[in-house]
Amino acid sequence: MIQYMIKRIVIGVLSLFVLVGITFFLTRAIPGSPFESSNVSGEVLEMMENEYGLNDPVIVQYGTYLLHVIQGDFGYSYENPSQSVTSIIAEFLPVTIMTGGLALLLAIVTGVSFGIWMVVSKQKIIQRALFSGTILGTGIPNFVLALVLIFVFGVKFHWLPVAGGSEWESYILPVCSLAIYPASVICRMTAHLYKEEMKKEYVVLAKAKGMQWERIVWKHVLRHIWLPLFNYLGSAAAFLLTGSFAIESIFTIPGLGSQFVHAISNRDYTLIMGLTIFMGTVVISIQVLVDLLGAWIDPKIRRSYEGQ
Amino acid sequence: MSLLDIKNLCIWYENEDHRQVVSDLSFQIQKGEFVGLVGASGCGKSSAMLGIMGLLPENSGFSCERFLFRGEHYEKKIETLRGKKIAMVFQDPSAYLNPLLKIGQQLTETIRCHKTCTKKEAKERAMELLSMAGIHSPETRMNQYPFEISGGMRQRVVIAIALACEPDLVIADEPTTALDVTVQRQILDLLKTISQRTKTAILLVSHDLGVIASVCDRVLVMQEGKIVEEGTANQIFYEPQNPYTMQLVEKAKAVMSVAKKKEKGVLVLESKDIGCKFRERLRWNKTCTREALRQISFSMYHGETFGLVGESGCGKTTLARILTGILSPDFGKLWSKGKVQMVFQDPYASFDPGYTIEKILLEAIPKQADHTKEVEKMLQLVGLKPEDRWKYPREFSGGQRQRIAIARALMSCPEILILDEPVSALDISTQSQILKFLDDIQQETGISYLFISHDLNVVKHMSQRIAVMYLGTFMEMGDTASIYEDPWHPYTKQLLSAILVPDPKKAHRRKKLIVKEILKQEEGTEKGCPFAGQCGYAMTRCHTEFPDFYQFEDRQVRCFLYSEEHTGRRRAGAPMISQI
Ligand code: SF4
């Protein structure tokens with residue numbers, strides 16, 4: 001198991017390096033300089049660029065940057081030199097994690113339960129409604145949905161605040177609009193998997209044991225559904241936990257997504273790089289985690305790694 | 001008052017024709033009785049059992065005039081009996097156990113959903129049940145997953161689950177069909193012991209009369225959804241009244257007969273010391289080589305049938321694949337005179353469902369101008385109509401598909417046909433038809449068969465000579481009649497003693513079969529005799545040396561009991577006798 005983990009992690013780190021390289025050269029390829037917008041004369045600009053090493057050859061810049069990153073130093077924001085990139089991430093991360101995490105949780109709970117409901121419900125109308133719901137959920141982009149939600153709940157009925165704020169109510173709409181897409185996907189996957197699993201013989205045996213339906217689903221069937229669902233959950237989690245640009249901007253949530261957009265429009269090189277590396281790490285570690293969890297759920301794989 | 005009293009049970013499926021699979025089925029079961037229900041496949045046995053358990057699938061209908069259990073009416077609330085009063089054992093234990101849950105949990109949850117008890121009590125009870133079902137060291141088993149234990153053991157676990165709440169009736173639906181003969185015997189013995197010890201009534205459903213005869217006191221015969229005859233085992237087997245029952249018993253007994261001897265023809269296939277190694281992955285970073293086949297030498301002659309018996313996993317199929325050329329052997333020499341073709345157990349899986357029969361048959365031979373005649377001739381030979389060549393495989397029954405598979409194999413005029421479990425999936429009457437028809441084809445074309453099966457009766461019925469295979473090597477080889485009458489090798493003896501005969505009186509005289517359960521071939525066994533782990537005659541040298549294939553006239557046996565060191569020097573030409 002440990003060797004397998006090491007292998008996975010090494011691959012992850014390698015791909016991170018590739019990612020860093022690509023973003024680095026891409027940001028440098030954006031025309032213009034980060035200090036252009038400030039009200040400074042050409043001379044001062046030159047001086048500042050020299051100070052930040054921006055006039056060195058790109059390769060040299062890359063080398064210095066990598067060296068720093070390996071030491072855990074992401075540098076300071078160009079825009080806001082008093083703040084280090086790490087502190088910016090630390091400041092905005094909790095909000096993103098909270099919205100993303102809540103959205104993921106909501107997506108899993110509603111997705112799985114609606115998925116099962118869609119199959120077991122005897123009424124055609126509920127089945128149809130749920131199914132069309134999932135189609136809409138996957139078909140409409142989440143920022144459109146967010147606007148619709150704002151319009152209905154915020155503007156029409158004034159039930160919920162439309163944008164940013166620190167009180168918990170203001171998170172309801174963004175979390176919902178983030179969760180709808182993954183929830184629809186999970187719902188449809190669950191419905192399909194559930195239908196397949198209920199035909200399996202072990203369910204018949206469980207029924208023959210005299211077990212109640214709820215217990216059969218909870219103890220037996222859900223385990224089988226988790227296994228394939230995990231792979232999707234990995235990518236959903238990566239997507240949700242890195243912050244969504246659109247949703248965060250619409251609801252003016254101070255999260256990583258909106259920071260990213262901000263950084264790009266200001267050509268804040270160090271911040272862009274820092275965020276990229278951070279998000280890359282998150283995505284890749286989630287993938288590794290999903291792989292390992294999948295291996296752990298399946299006793300066959302788990303047993304083959306045990307005893308080492 | 002009978003335990004279970006069912007009157008006019010009807011079951012139908014809501015497809016196009018609303019055909020009733022079970023119609024007006026009525027029977028009774030007394031307390032503590034061991035009842036057998038026999039019938040051909042598709043006669044509605046399984047549906048009836050699922051109906052009694054209330055486990056029918058959604059698209060089916062169910063009606064019952066009277067459903068009395070211990071004198072109480074249960075027509076509307078069958079579910080309440082499930083697991084508690086009536087339990088069920090299914091055919092394929094591998095599919096029915098949840099692969100992701102530990103054995104222990106699957107057992108304790110059964111106990112805990114009917115009784116209020118603590119986790120610890122449930123665990124103790126579970127261990128008690130496992131040892132009652134004949135599983136040693138229940139504690140370790142409780143922590144294992146179904147894939148970590150053998151098929152026979154899985155069935156024991158399912159039986160333990162069924163017994164969890166001390167039900168009054170256990171329905172066993174073909175509980176041994178998916179298992180090897182020796183395991184089959186053990187499971188049946190176990191069921192018998194349980195019924196005697198706990199006074200649980202058992203309803204054993206099977207298509208195999210041998211199974212029914214060996215354990216049941218009373219027998220119900222079912223045909224097309226109805227009970228056609230009912231009586232004690234002796235009545236049914238010795239004085240059947242109903243024509244259908246007579247036919248069943250007769251066919252089952254006919255299979256017991258030994259094949260006729262034949263003159264030896266010319267040699268068509270010879271194999272010398274064939275061996276084959278597989279690399280197996282133990283863990284992700286560790287592999288080992290396993291000898292799948294070892295020193296296989298035999299020859300086949302024109303027009304004869306050579307039988308190959310052995311339990312699953314002994315290498316029969318690997319050998320068949322080497323003979324057809326799909327695999328190549330790692331050691332040894334193989335020579336054959338003509339083509340070798342193969343027929344599989346499940347022919348449907350090997351057909352392209354989108355092909356017509358004609359196309360399927362023509363696949364096997366190179367394209368030529370006029371093939372219609374040939375196809376027609378072949379279809380007639382296998383007992384189908386020439387018009388059938390336009391049909392698709394799904395339009396045929398299991399037996400007919402097997403005929404088509406044989407026809408396809410015969411198209412390229414092979415010298416040898418390998419039949420890998422050709423009738424195992426068929427019920428008794430179709431089985432005897434196919435066997436008869438194979439015989440006819442052999443008469444006509446002089447083809448040789450290599451007949452592979454785990455069903456010892458069928459092999460005996462078909463083959464002039466047989467080889468007994470165990471863990472990749474031949475243990476004994478020779479004339480069918482002499483081997484069946486007087487087995488020399490300890491393994492052959494064990495195997496043959498597990499045969500079930502459709503004859504209750506004989507079955508009752510039989511002793512219990514005791515087999516040491518070995519889990520897997522342990523490392524290091526490659527050195528000694530493969531059977532040493534289970535052999536009651538094992539000597540020290542059995543664990544270190546690989547025995548030769550000692551030859552005595554036309555019989556060969558791989559066992560040190562027949563070595564010169566053991567039997568002493570014998571006069572030249574003195575006949576060898578069984579040493580066990
Ligand atoms: S060689 Fe030894 S272990 Fe093998 S069957 Fe003969 S007596 Fe038994």
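The values are calculated or read from the model by the stated rules, or taken from the named source; none is laboratory data. As the structure is a prediction and not an experimental result, all values here were calculated from the model. Note that each Cβ is placed from the backbone with ideal geometry, even for glycine, and that neighbours are counted across all protein chains shown. Just the protein is used for accessible areas: all its heavy atoms, side chains included, with ligands, DNA and RNA removed. Shrake-Rupley method; radii C 1.70, N 1.55, O 1.52, S 1.80 Å.
Okay, here's what the table says:
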| item | result |
| --- | --- |
| Residue check, A:F114 crowded, with 18+ Cβ neighbours inside 10 Å and within 13 Å of A:C187 (Cβ to Cβ) | yes |
| Residue selected from segment B:320-349 under the condition under 13 Å from B:F298 (Cα atoms) and either touching a helix residue (DSSP H, G or I) at 6+ places or on another chain (Cβ under 9 Å) or acidic (D, E) (or both), by the criterion surrounded by the fewest Cβ atoms within 10 Å (Cβ to Cβ) | B:L334 |
| Those residues of segment B:135-166 which are away from every other protein chain (no Cβ under 14 Å), assigned to a loop (DSSP other than H, G, I, E, B) and open to solvent by 30 Å² or more (accessible area, probe 1.4 Å), in sequence order | B:H136, B:S137, B:S150 |
| Considering residues of segment B:569-580 that are open to solvent by less than 60 Å² (accessible area, probe 1.4 Å) and more than 12 Å from the ligand (Cβ to nearest atom) only, the residue modelled with the lowest pLDDT | B:A574 |
| Number of positions in segment A:172-201 that are in contact with a helix residue (DSSP H, G or I) (Cβ under 6 Å, 6 or more places away or on another chain) and over 19 Å from A:A236 (Cα atoms) | 4 |
| Cross-chain or 6+ apart pairs with Cβ under 6 Å, segment B:397-415 first and farther than 19 Å from B:L450 by Cβ and free of Cβ contacts under 8 Å to residues at least 60 places away in the same chain, then part of a helix (DSSP H, G or I) and open to solvent by 20 Å² or more (accessible area, probe 1.4 Å) | B:G399/B:T430; B:R401/B:Y348 |
| Residues within segment B:549-562 that are surrounded by 15 or more Cβ atoms within 10 Å (Cβ to Cβ) and more than 6 Å from the ligand (Cβ to nearest atom), tallied | 8 |
| When residues of segment B:447-489 are limited to those that are within 15 Å of the ligand (Cβ to nearest atom) and open to solvent by 10 Å² or more (accessible area, probe 1.4 Å), the one farthest from B:L410 (Cα to Cα) | B:W488 |
| Flag if A:I225 is within 14 Å of another protein chain (Cβ to nearest Cβ), closer than 23 Å to A:L102 by Cβ, assigned to a helix (DSSP H, G or I) and open to solvent by less than 40 Å² (accessible area, probe 1.4 Å) | yes |
| Residue match in segment B:1-16 (condition: aliphatic (A, V, I, L, M), open to solvent by 40 Å² or more (accessible area, probe 1.4 Å) and in contact (Cβ under 8 Å) with a residue 12 or more places away in the chain) | yes |
| Number of positions in segment B:389-403 that are closer than 13 Å to B:A349 by Cα and of a type in the set (K, R) | 2 |
| Residue check for A:L292: out of contact with any strand residue (DSSP E or B) (no Cβ under 9 Å at 6 or more places or on another chain), in contact (Cβ under 8 Å) with a residue 12 or more places away in the chain and more than 13 Å from chain B (Cβ to nearest Cβ) | yes |
| Residues that are among the small types (G, A, S) and modelled with pLDDT under 80, drawn from segment A:266-308 | A:G294, A:A295, A:S304, A:G307 |
| Test for B:I194: is it touching a Pro at 6+ places or on another chain (Cβ under 7 Å) and either at negative phi or of a type in the set (F, W, Y) (or both) | no |
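Conditions tested, residue by residue: (1) within 14 Å of chain B (Cβ to nearest Cβ); (2) open to solvent by less than 60 Å² (accessible area, probe 1.4 Å); (3) in a helix (DSSP H, G or I).
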residue: A:F230; (1), (2), (3): yes, yes, yes
residue: A:A236; (1), (2), (3): no, yes, yes
residue: A:F239; (1), (2), (3): no, no, yes
residue: A:I253; (1), (2), (3): no, yes, no
residue: A:Q287; (1), (2), (3): no, no, yes
residue: A:K300; (1), (2), (3): yes, no, yes
